[in-house]
Each structure stands twice: as structure tokens, then as C-alpha cells.
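Data first, discussion second: the structure below is written as C-alpha cells.
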Amino acid sequence: MSREGLRRLGRLELFLGLASVGLLIRLLYFTEHLSSPFFGVAILDEAFYDAVARALLAWEEVTAIDPGFRPLLYPAFLAVAYGIGGTWDVVTAVGLQHLLGIGAGLLVAWIAVRLSGSRRAGFGAGLLYLLAGPPLYFEGERLITTLFTFLMVGVLAALVRAEKRPENPGRWILAGLVAALAAMARPNALVVLPVLLGVGV
């Protein structure tokens, strides 16, 4: 096998290992969370997102619930999860968020590898994210945090990828599209706009 092939194999093993650790931690947390009397009880912001998601799922008017002050990307995500889950709607939504958390951890690892050139750095960065308490907690709540974090890490990953080949416009367009999605989840994602506008300056 070529050196490049060995390098790719090493990276595959790195990401599979991190994904396995992230999945194990989340299965343990999810199992314990399911037994909590508060699981599935929507309060405050959770109640808002749940109500909008169920209205979207039923193709009902949402302006009475959300007059336009909050973006609808996260409620739309919840609506899709509820539609897939059926009677297991909340379980499905939380499960999908845990998968997004694993995805964010893998993106963190990928960014670290690309920037440092070290698989050890990538493994350490990804592992720290996957074991961190706050991301894991918010993955279990029906709040915008997990989706927004995944998208913002995705923006950073897209920018790192584009910077490696700055002459490729498609990579910058992809970064812009992911940033637009993040802004549709939470408008303060537009903090990355100066970076995108400064390309080529």
C-alpha cells in the first residue's frame, strides 16, 4: 500500500475510533436520560420550539406562535425528527441531536488534523469535544444549541478546506452556504461574514 493509502487508513481508524467513543458515551447518557422524569417535558424555550415544530408538522399557521422573531430552521429540524419518529418523536429528536454531536466532534478532529498535520492532535481535540459535558447535556435538550454548534463547526471546517485551495471557488461557495444555514438557525452566525467577504482581499 502506498504512503498516501496508509495515511488515509490511519485517518479512517482515527475517525472510527472517535465515533465509537462518542457513540458509547451518548448511549450511556441517553439510557440514563430516558429514565429521568423530566425527559420529554418541554419548558420555556423547549416548549416554544416544540409547539412550532408540531405546527409545522401539521402544516398549520405558525405566526400566532412565532411572529417572525425567531428563525425556523431548528423547529423545522424538530418537525422532521417528529415525523420520522412518530410516537417516539422526542426520543428520535434527541437521538438525532446526539448524532449531530458526534458529527461535530469528528469535524473538530478533522479541523485539528488539517491545521496541525498531526493525527494525535486531531484525536485529542475530537476526544475532548466528545467527552465534554456541556455539548452532551444540550444534545439531550430540545434547544437550538446542538444544531447551531454543528453548523458553526461546519462553517469552520469549510473555511479550513477552502483555505487549502483558495483558487477553488466551489469551496468558498460551500462555506458560504453552510454559513447561511447557520444564520437561518441563529442570526449571530453572521459574525463569520467578514471572513467570507474578505476572501481574496
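The values are calculated or read from the model by the stated rules, or taken from the named source; none is laboratory data. Treat the numbers as computed from the prediction; the structure is a model and nothing was measured. For neighbour counting, all protein chains shown are included, and Cβ atoms are generated from backbone atoms with ideal geometry for every residue, glycine included. The protein model used for the area step is the full one, side chains on, heavy atoms only, and it has no ligands, DNA or RNA in it. Shrake-Rupley method; radii C 1.70, N 1.55, O 1.52, S 1.80 Å.
One table, with the values for the structure above:
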item	result
The chain - percent of accessible surface contributed by carbon and sulfur, probe 1.4 Å	69
Of SER118, VAL90, LEU174, farthest towards positive along the dipole that unit charges on Lys, Arg, Asp, Glu beta carbons give the chain	SER118
Volume per residue of the C-alpha convex hull in segment 95-201, rounded to whole Å³	95
Calculated over the chain: convex hull of Cα atoms, volume per residue (Å³)	146
Inter-label distance, nm, simple model (7 Å from Cα along the C-beta direction), ASP45/ARG11	3.4
Alpha-carbon Debye profile of segment 36-131, log10 I(q)/I(0) at 0.13 Å⁻¹	-0.60
The chain: calculated mean residue ellipticity at 222 nm from DSSP helix runs of at least 4, using -39500 (n - 2.57)	-24500 deg cm²/dmol
